[in-house]
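J.: First, the structure itself, so that you have it in front of you.
The values are calculated or read from the model by the stated rules, or taken from the named source; none is laboratory data. All of these numbers come straight from a predicted model, not from anything done at the bench. Using ideal geometry, Cβ is built from the backbone for each residue, glycine included, and neighbour counts are taken over all protein chains shown.
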Amino acid sequence: MFPTPIQQTSRFTQISYKVALPLSILIWLLPLAAIMMTSVRSIADINAGNYWGWPEQWMIIENYTEVFTRTNMGRYLLNSVMITLPVMVFSVGLATMAGFALAKFKFRGRVAIFAAFIGGNFVPFQILMIPVRDLTIQTGLYDTIWALIIFHTAFQTGFCTLFMRNFIIGLPDELFESCRLEGATEWQIFTKIVLPLVRPALAALSVLIFTFIWNDYFWALVLVQSDEVRPVTAGLSALRGQWLASWQLISAGSIVAALPPVILFFAMQRHFIAGLTLGATKG
């Protein structure tokens, strides 16, 4: 069996694992701890070079309140919600229907269509920057929320279709044949049979897509430029002034921006883990 369970390894390997695991977690959490500590410091504390020490003055309420009163953080968060939720619904919904068709219907060109979905996932998105930007300018979508919604939906649907098709193909064909013999339509089979059975996969995919889109920074810079439509990732960079950076506000804004994906993950944790492990065991 590979990998070998840690309990079956040598004594040296077990000790190394027990030492390396907490050390790795500590190193991984250090930047997050630094951001959290910076978000509650005063500007005088930061200017004095106290980056890792105990804050001389706690500014928890003041800093987090100032993020929403002095900056457009509220608007940035609303823009991210208005972009992320439609993309998540459209891409997962379209991918589920496409995955059902590719998995359970036999028609000419099915393999070629599926290959196109797979091939799109290997295209580096950086090379699409100029064509996509020019296309949004020509269609009048540049610097609008719809530019990000349409592009992310088109780009994420390929990955989502690959994800959902691999789940749906594992459902027994006999189940669908019996439904058709009872007179059920394909839409009824899809809504009454397929969707309930792939609910864990839908939850896992929704969490992944929400995180991908919420944390997107590249296309937020390429396709929008005004505060009215700028999402939170690009908005955080706008908090840095030309001559002076308010690092306590940037850190507080970063913590606020990270909360929605974290909350969604913990809310959907049971379904998320079930979706990722669905089909991993036999029997």
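J.: Determine, yes or no, whether Arg70 is surrounded by fewer than 16 Cβ atoms within 10 Å (Cβ to Cβ) and among the basic types (Lys, Arg).
T.: yes
J.: Now for a separate question. Out of curiosity, is Phe266 crowded, with 20+ Cβ neighbours inside 10 Å and over 23 Å from Ala147 (Cα atoms)? Spell out how you get there, then give the answer.
T.: Values: crowded, with 20+ Cβ neighbours inside 10 Å: no; over 23 Å from Ala147 (Cα atoms): yes.
Considered against the rule, which asks whether it is crowded, with 20+ Cβ neighbours inside 10 Å and over 23 Å from Ala147 (Cα atoms), Phe266 comes out as no.
J.: Does Thr84 meet the test of being of a type outside the set (A, V, I, L, M, F, W, C), surrounded by 17 or more Cβ atoms within 10 Å (Cβ to Cβ), closer than 14 Å to Leu148 by Cα and assigned by TED's automatic domain parsing to the domain that holds Val207?
T.: Yes, satisfied.
J.: If a residue must be under 30 Å from Ile130 (Cβ atoms) and among the acidic types (Asp, Glu), how many such residues does the range 181-223 contain?
T.: 1
J.: Something else about it: Would you call Ser39 in contact with a Pro (Cβ under 8 Å, 6 or more places away or on another chain) and closer than 17 Å to Ser254 by Cβ?
T.: On the way: in contact with a Pro (Cβ under 8 Å, 6 or more places away or on another chain): no; closer than 17 Å to Ser254 by Cβ: yes.
No; evaluated as a whole, the condition is false for this residue.
J.: Moving on to the next point. Does Tyr76 satisfy the condition of being among the hydroxyl-bearing types (Ser, Thr, Tyr), farther than 30 Å from Ile193 by Cα and outside the structural domain of Thr233 (by TED's automatic domain parsing)?
T.: Numbers: among the hydroxyl-bearing types (Ser, Thr, Tyr): yes; farther than 30 Å from Ile193 by Cα: yes; outside the structural domain of Thr233 (by TED's automatic domain parsing): no.
Spelling it out, it is not the case that Tyr76 is among the hydroxyl-bearing types (Ser, Thr, Tyr), farther than 30 Å from Ile193 by Cα and outside the structural domain of Thr233 (by TED's automatic domain parsing).
J.: Taking only pairs six or more apart or across chains, which ones have beta-carbon atoms under 8 Å, a first residue in the range 14-25 that is within 19 Å of Thr4 (Cβ to Cβ), and a second residue that is part of a helix (DSSP H, G or I)?
T.: If the second residue must be part of a helix (DSSP H, G or I), the pairs left are Gln14/Ile6; Gln14/Gln7; Tyr17/Ile6.
J.: Continuing with the same structure: From the list Leu259, Leu202, which one is part of a helix (DSSP H, G or I) and touching a residue at least 24 places away in the same chain (Cβ under 8 Å)? Explain how you work it out, then say what you get.
T.: Working: Leu259 fails: touching a residue at least 24 places away in the same chain (Cβ under 8 Å).
Matching residue, one of Leu259, Leu202: Leu202.
J.: Considering only residues that are β-branched (Val, Ile, Thr) and not in a helix (DSSP H, G or I), look in the range 9-58 and name the one that is nearest to Leu259 (Cα to Cα).
T.: Val40
J.: Is it the case that the range 24-42 has a residue that's crowded, with 16+ Cβ neighbours inside 10 Å, out of contact with any Phe, Trp or Tyr (no Cβ under 8 Å at 6 or more places or on another chain), of a type in the set (Ser, Thr, Tyr) and at pLDDT below 85?
T.: yes
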